[in-house]
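Notes follow the structure.
Taken together, the values in this text are just the output of simple stated rules run on the coordinates, not laboratory data. Everything numeric in this text was worked out from a predicted model, so none of it was measured. Note: ideal-geometry Cβ built from the backbone for every residue, glycine included; neighbour counts use all protein chains shown.
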């Protein structure tokens, strides 16, 4: 069972520290916690982190000793992704309507 150290970062999100196996050969994870992590950091099992939610890592929060996905932040991320997709589709439609070829549009997008 892999253990990691988590803490709330200055952006209000969660930072996760994965001590390397080499470092843990001569140190305990508790030593890493005390020596290298900010006050309030805790040790959790990696399996207790939200699973399948990596795309929404920016929505993670540390609440009562557990890392959770803040659904409001998650929805804001989804909304932003959707807005970007919609904006791109709209821009492509406008460029195509101007008579640009697909190659010209791709060149403009980069």
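Observations on the structure shown:
- Using C-alpha pairs under 8 Å with a sequence gap of at least 6, the mean separation divided by the residue count of the chain gives a relative contact order of 23 percent.
- Between the stretch 72-110 and the stretch 1-69, the C-alpha centres lie 36 angstrom from each other.
- Helical runs assigned H by DSSP (4 residues or longer) give the chain a calculated mean residue ellipticity at 222 nm of -14000 deg cm²/dmol, each run adding -39500 (n - 2.57) before division by the residue total.
- Rounded tilt (10° steps) of 71-97 against the dominant C-alpha axis of the chain: 20 degrees
- Contour excess over end-to-end distance, with Cα ends at residue 93 and residue 34 and 0.36 nm allotted per residue: 15.7 nm
- The value for the chain of Rg(Cα) / (2.2 N^0.38 Å) is 1.61.
- Rounded to the nearest angstrom and listed largest first, the equivalent-ellipsoid semi-axes of the stretch 26-65 from its Cα gyration tensor are 23, 12, 9.
- The packing ranking of peptides 101-108, 66-73, 38-45, highest mean first, is 66-73, 38-45, 101-108, where packing means the average number of other beta carbon atoms within 10 angstrom of each residue.
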